[in-house]
1. Can you find a residue in segment 58-76 that is open to solvent by less than 30 Å² (accessible area, probe 1.4 Å), assigned to a helix (DSSP H, G or I) and closer than 30 Å to D28 by Cβ?
2. Can you go through A181, A133, A215, A185 and tell me which one is more than 30 Å from G38 (Cα to Cα) and either more than 20 Å from the chain's Cα centre (by Cα) or modelled with pLDDT under 80 (or both)?
3. With closer than 30 Å to L26 by Cα and at pLDDT 65 or above as the only criterion, which of L234, L206, L221 stands out?
4. I need the full set of residues from segment 124-150 which are open to solvent by 40 Å² or more (accessible area, probe 1.4 Å), among the aliphatic types (A, V, I, L, M) and either in a helix (DSSP H, G or I) or touching a Phe, Trp or Tyr at 6+ places or on another chain (Cβ under 6 Å) (or both), in order please.
5. Out of all the residues in segment 157-171, is one or more among the hydrophobic types (A, V, I, L, M, F, W, C), open to solvent by 40 Å² or more (accessible area, probe 1.4 Å) and either without any contact (Cβ under 8 Å) to a residue 12 or more places away in the chain or farther than 23 Å from A95 by Cβ (or both)?
6. Here are some conditions: (1) part of a helix (DSSP H, G or I); (2) modelled with pLDDT under 95. R50 meets all but one. Which one does it not meet?
7. Here are some residues: S163, S142. Which one is among the hydroxyl-bearing types (S, T, Y) and over 25 Å from the mean Cα position of the chain (by Cα)?
Amino acid sequence: MSAFDTMQLGQVITAIGGLGTAAFGLVDAAKTVPLFGGINCIGLKHIKDRVTELTPDQTGAGLPHKPLNALPRRHILETVEANWVNGTDIASQKAIAKSLIKLHLSEGNAAALATRTNVDPAVLESVATKTIAGTPLLPAESDVFSRFDLILTAMLDEAYQLSDQVYRNWTRALAAGVAVALAVAAGWSLDGTNFWAPKEIALAVLVGLLATPLAPIAKDLSSALAAAVNTMQLVKKQGLK
(Lines give C-alpha, C1' and ligand atoms only; values in the text may rest on other atoms or scores of the structure.)
Protein backbone atom coordinates (compact mmCIF):
# COMPACT_ATOMS: atom_id res chain seq x y z
CA MET A 1 0.00 0.00 0.00
CA SER A 2 1.45 3.38 -1.00
CA ALA A 3 1.72 6.36 1.29
CA PHE A 4 -0.96 8.09 -0.78
CA ASP A 5 -3.35 5.16 -0.38
CA THR A 6 -2.63 5.09 3.34
CA MET A 7 -3.39 8.79 3.61
CA GLN A 8 -6.66 8.32 1.72
CA LEU A 9 -7.70 5.37 3.90
CA GLY A 10 -6.87 7.32 7.03
CA GLN A 11 -8.97 10.24 5.82
CA VAL A 12 -11.86 7.90 5.02
CA ILE A 13 -11.74 6.35 8.51
CA THR A 14 -11.59 9.80 10.11
CA ALA A 15 -14.49 11.03 7.98
CA ILE A 16 -16.64 8.01 8.85
CA GLY A 17 -15.81 8.51 12.52
CA GLY A 18 -16.79 12.16 12.19
CA LEU A 19 -20.13 11.10 10.72
CA GLY A 20 -20.71 8.85 13.73
CA THR A 21 -19.83 11.66 16.13
CA ALA A 22 -22.26 13.97 14.34
CA ALA A 23 -24.99 11.32 14.55
CA PHE A 24 -24.45 10.90 18.31
CA GLY A 25 -24.53 14.68 18.67
CA LEU A 26 -27.86 14.94 16.85
CA VAL A 27 -29.40 12.19 18.99
CA ASP A 28 -28.17 13.96 22.13
CA ALA A 29 -29.50 17.30 20.92
CA ALA A 30 -32.87 15.73 20.10
CA LYS A 31 -33.40 15.02 23.81
CA THR A 32 -34.20 18.71 24.33
CA VAL A 33 -37.03 18.61 21.77
CA PRO A 34 -40.37 17.66 23.41
CA LEU A 35 -41.24 15.39 20.48
CA PHE A 36 -38.12 13.29 21.16
CA GLY A 37 -38.05 13.70 24.94
CA GLY A 38 -38.74 9.99 25.33
CA ILE A 39 -35.07 9.29 24.53
CA ASN A 40 -34.19 10.35 28.08
CA CYS A 41 -36.61 7.77 29.49
CA ILE A 42 -35.20 4.78 27.62
CA GLY A 43 -34.41 2.06 30.17
CA LEU A 44 -36.26 3.83 33.00
CA LYS A 45 -39.16 1.35 33.16
CA HIS A 46 -37.10 -1.47 34.66
CA ILE A 47 -35.80 0.84 37.40
CA LYS A 48 -39.27 2.13 38.23
CA ASP A 49 -40.65 -1.42 38.36
CA ARG A 50 -37.88 -2.46 40.77
CA VAL A 51 -38.32 0.60 43.01
CA THR A 52 -42.09 0.05 43.02
CA GLU A 53 -41.49 -3.54 44.09
CA LEU A 54 -39.26 -2.35 46.93
CA THR A 55 -41.68 0.31 48.23
CA PRO A 56 -44.78 -1.72 49.14
CA ASP A 57 -47.89 -0.14 50.62
CA GLN A 58 -48.60 -0.36 54.32
CA THR A 59 -50.89 -3.07 55.61
CA GLY A 60 -52.38 -3.88 58.98
CA ALA A 61 -55.25 -2.65 61.11
CA GLY A 62 -55.00 0.89 62.38
CA LEU A 63 -52.00 1.76 60.25
CA PRO A 64 -52.10 4.79 57.93
CA HIS A 65 -52.05 4.06 54.21
CA LYS A 66 -48.76 5.93 53.77
CA PRO A 67 -45.61 5.63 55.89
CA LEU A 68 -45.23 8.53 58.30
CA ASN A 69 -41.44 8.74 58.09
CA ALA A 70 -40.78 9.17 54.36
CA LEU A 71 -41.94 10.33 50.98
CA PRO A 72 -44.87 8.53 49.40
CA ARG A 73 -43.97 6.07 46.66
CA ARG A 74 -45.13 8.51 43.98
CA HIS A 75 -42.58 11.09 45.08
CA ILE A 76 -39.84 8.46 45.30
CA LEU A 77 -40.54 7.40 41.72
CA GLU A 78 -40.52 11.04 40.60
CA THR A 79 -37.12 11.54 42.25
CA VAL A 80 -35.76 8.39 40.61
CA GLU A 81 -37.05 9.53 37.22
CA ALA A 82 -35.63 13.03 37.61
CA ASN A 83 -32.17 11.66 38.40
CA TRP A 84 -32.29 9.27 35.44
CA VAL A 85 -33.51 11.86 32.95
CA ASN A 86 -30.90 14.40 34.06
CA GLY A 87 -28.08 11.87 33.69
CA THR A 88 -26.96 11.84 37.32
CA ASP A 89 -24.02 9.54 38.00
CA ILE A 90 -25.25 5.91 38.22
CA ALA A 91 -23.59 5.31 41.59
CA SER A 92 -25.29 8.40 43.02
CA GLN A 93 -28.64 7.36 41.56
CA LYS A 94 -28.41 3.94 43.22
CA ALA A 95 -27.42 5.50 46.56
CA ILE A 96 -30.33 7.95 46.45
CA ALA A 97 -32.82 5.23 45.50
CA LYS A 98 -31.58 2.95 48.29
CA SER A 99 -31.82 5.75 50.86
CA LEU A 100 -35.39 6.55 49.85
CA ILE A 101 -36.39 2.89 49.95
CA LYS A 102 -34.91 2.46 53.43
CA LEU A 103 -36.67 5.62 54.60
CA HIS A 104 -39.91 4.20 53.20
CA LEU A 105 -39.52 1.15 55.45
CA SER A 106 -42.08 1.05 58.28
CA GLU A 107 -43.74 -1.50 60.52
CA GLY A 108 -46.68 -1.58 58.13
CA ASN A 109 -44.70 -2.65 55.04
CA ALA A 110 -41.69 -4.39 56.62
CA ALA A 111 -43.18 -7.88 56.20
CA ALA A 112 -43.85 -7.37 52.48
CA LEU A 113 -40.41 -5.87 51.91
CA ALA A 114 -38.76 -8.68 53.90
CA THR A 115 -40.42 -11.24 51.63
CA ARG A 116 -39.09 -9.47 48.53
CA THR A 117 -35.56 -9.23 49.93
CA ASN A 118 -35.54 -12.69 51.56
CA VAL A 119 -34.92 -11.63 55.17
CA ASP A 120 -36.80 -12.42 58.37
CA PRO A 121 -40.11 -10.44 58.35
CA ALA A 122 -40.48 -10.26 62.14
CA VAL A 123 -36.93 -9.01 62.67
CA LEU A 124 -37.19 -6.44 59.88
CA GLU A 125 -40.48 -5.20 61.36
CA SER A 126 -38.76 -4.80 64.70
CA VAL A 127 -35.91 -2.94 62.99
CA ALA A 128 -38.40 -0.57 61.33
CA THR A 129 -40.18 0.10 64.64
CA LYS A 130 -36.95 0.76 66.53
CA THR A 131 -35.50 2.91 63.73
CA ILE A 132 -38.56 5.18 63.76
CA ALA A 133 -38.47 5.37 67.57
CA GLY A 134 -34.70 5.93 67.66
CA THR A 135 -34.13 2.82 69.78
CA PRO A 136 -30.77 0.99 69.44
CA LEU A 137 -30.87 -2.30 67.54
CA LEU A 138 -29.91 -5.64 69.03
CA PRO A 139 -26.94 -7.44 67.42
CA ALA A 140 -29.23 -9.94 65.69
CA GLU A 141 -31.35 -7.09 64.33
CA SER A 142 -28.25 -5.25 63.10
CA ASP A 143 -27.15 -8.38 61.27
CA VAL A 144 -30.51 -8.75 59.54
CA PHE A 145 -30.56 -5.06 58.66
CA SER A 146 -27.05 -5.29 57.20
CA ARG A 147 -28.11 -8.30 55.13
CA PHE A 148 -31.19 -6.39 53.99
CA ASP A 149 -28.95 -3.48 52.96
CA LEU A 150 -26.67 -5.74 50.89
CA ILE A 151 -29.57 -7.45 49.14
CA LEU A 152 -31.19 -4.09 48.45
CA THR A 153 -27.90 -2.85 46.95
CA ALA A 154 -27.64 -5.92 44.71
CA MET A 155 -31.23 -5.61 43.48
CA LEU A 156 -30.84 -1.94 42.64
CA ASP A 157 -27.46 -2.53 41.00
CA GLU A 158 -28.99 -5.15 38.71
CA ALA A 159 -31.85 -2.82 37.78
CA TYR A 160 -29.62 0.19 37.04
CA GLN A 161 -26.99 -1.79 35.14
CA LEU A 162 -29.61 -3.45 32.94
CA SER A 163 -31.38 -0.15 32.33
CA ASP A 164 -28.10 1.57 31.48
CA GLN A 165 -27.30 -1.18 28.98
CA VAL A 166 -30.75 -0.79 27.38
CA TYR A 167 -30.26 2.98 27.18
CA ARG A 168 -26.82 2.70 25.57
CA ASN A 169 -27.97 0.06 23.07
CA TRP A 170 -30.99 2.08 21.98
CA THR A 171 -29.11 5.37 21.67
CA ARG A 172 -26.45 3.63 19.57
CA ALA A 173 -29.17 2.17 17.37
CA LEU A 174 -30.77 5.61 16.99
CA ALA A 175 -27.37 7.15 16.18
CA ALA A 176 -26.76 4.45 13.57
CA GLY A 177 -30.11 5.26 11.97
CA VAL A 178 -29.26 8.96 11.91
CA ALA A 179 -25.81 8.21 10.45
CA VAL A 180 -27.36 6.12 7.66
CA ALA A 181 -29.82 8.92 6.87
CA LEU A 182 -27.00 11.48 6.79
CA ALA A 183 -24.85 9.26 4.55
CA VAL A 184 -27.72 8.72 2.11
CA ALA A 185 -28.50 12.45 2.09
CA ALA A 186 -24.83 13.29 1.49
CA GLY A 187 -24.60 10.77 -1.34
CA TRP A 188 -27.69 12.17 -3.01
CA SER A 189 -26.40 15.75 -2.65
CA LEU A 190 -23.15 14.78 -4.37
CA ASP A 191 -24.49 12.59 -7.19
CA GLY A 192 -28.06 13.78 -7.58
CA THR A 193 -30.24 11.48 -9.69
CA ASN A 194 -27.30 9.16 -10.39
CA PHE A 195 -27.14 8.27 -6.71
CA TRP A 196 -30.11 5.92 -6.67
CA ALA A 197 -28.24 2.99 -8.17
CA PRO A 198 -28.35 -0.02 -5.78
CA LYS A 199 -24.56 -0.02 -5.44
CA GLU A 200 -24.44 3.64 -4.41
CA ILE A 201 -27.24 3.26 -1.89
CA ALA A 202 -25.65 0.12 -0.41
CA LEU A 203 -22.34 1.96 -0.04
CA ALA A 204 -24.01 4.88 1.72
CA VAL A 205 -25.87 2.55 4.09
CA LEU A 206 -22.63 0.68 4.85
CA VAL A 207 -20.84 3.93 5.63
CA GLY A 208 -23.68 4.95 7.95
CA LEU A 209 -23.64 1.62 9.78
CA LEU A 210 -19.87 1.77 10.23
CA ALA A 211 -19.94 5.35 11.48
CA THR A 212 -21.39 4.65 14.94
CA PRO A 213 -18.93 1.97 16.12
CA LEU A 214 -16.00 3.79 14.49
CA ALA A 215 -16.72 7.18 16.09
CA PRO A 216 -14.90 6.60 19.42
CA ILE A 217 -11.82 4.99 17.83
CA ALA A 218 -11.56 6.61 14.40
CA LYS A 219 -8.62 8.88 15.27
CA ASP A 220 -6.68 6.13 17.04
CA LEU A 221 -7.39 3.64 14.25
CA SER A 222 -6.24 6.06 11.57
CA SER A 223 -3.04 6.87 13.49
CA ALA A 224 -2.37 3.18 14.16
CA LEU A 225 -2.85 2.34 10.48
CA ALA A 226 -0.43 5.07 9.38
CA ALA A 227 2.12 3.98 11.99
CA ALA A 228 1.84 0.34 10.92
CA VAL A 229 2.32 1.17 7.23
CA ASN A 230 5.29 3.44 7.99
CA THR A 231 6.86 0.70 10.08
CA MET A 232 6.41 -1.89 7.34
CA GLN A 233 7.88 0.47 4.76
CA LEU A 234 10.91 1.08 7.02
CA VAL A 235 11.39 -2.66 7.55
CA LYS A 236 11.13 -3.24 3.80
CA LYS A 237 13.75 -0.56 3.08
CA GLN A 238 16.09 -2.00 5.66
CA GLY A 239 15.65 -5.44 4.17
CA LEU A 240 16.60 -4.19 0.70
CA LYS A 241 19.88 -2.70 1.86
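1. Looking for residues that are open to solvent by less than 30 Å² (accessible area, probe 1.4 Å), assigned to a helix (DSSP H, G or I) and closer than 30 Å to D28 by Cβ, one finds at least one in segment 58-76, hence yes.
2. So the residue among A181, A133, A215, A185 that is more than 30 Å from G38 (Cα to Cα) and either more than 20 Å from the chain's Cα centre (by Cα) or modelled with pLDDT under 80 (or both) is A133.
3. L206
4. I132, A133, A140, L150
5. yes
6. (2)
7. Of the residues listed, the single one that is among the hydroxyl-bearing types (S, T, Y) and over 25 Å from the mean Cα position of the chain (by Cα) is S142.
The values are calculated or read from the model by the stated rules, or taken from the named source; none is laboratory data. Everything numeric in this text was worked out from a predicted model, so none of it was measured. When we count neighbours, we look across all protein chains shown, and the Cβ atoms used for this are built from the backbone with ideal geometry, even at glycine. Accessible surface areas use protein heavy atoms only, side chains included; no ligands, DNA or RNA. Shrake-Rupley method; radii C 1.70, N 1.55, O 1.52, S 1.80 Å.
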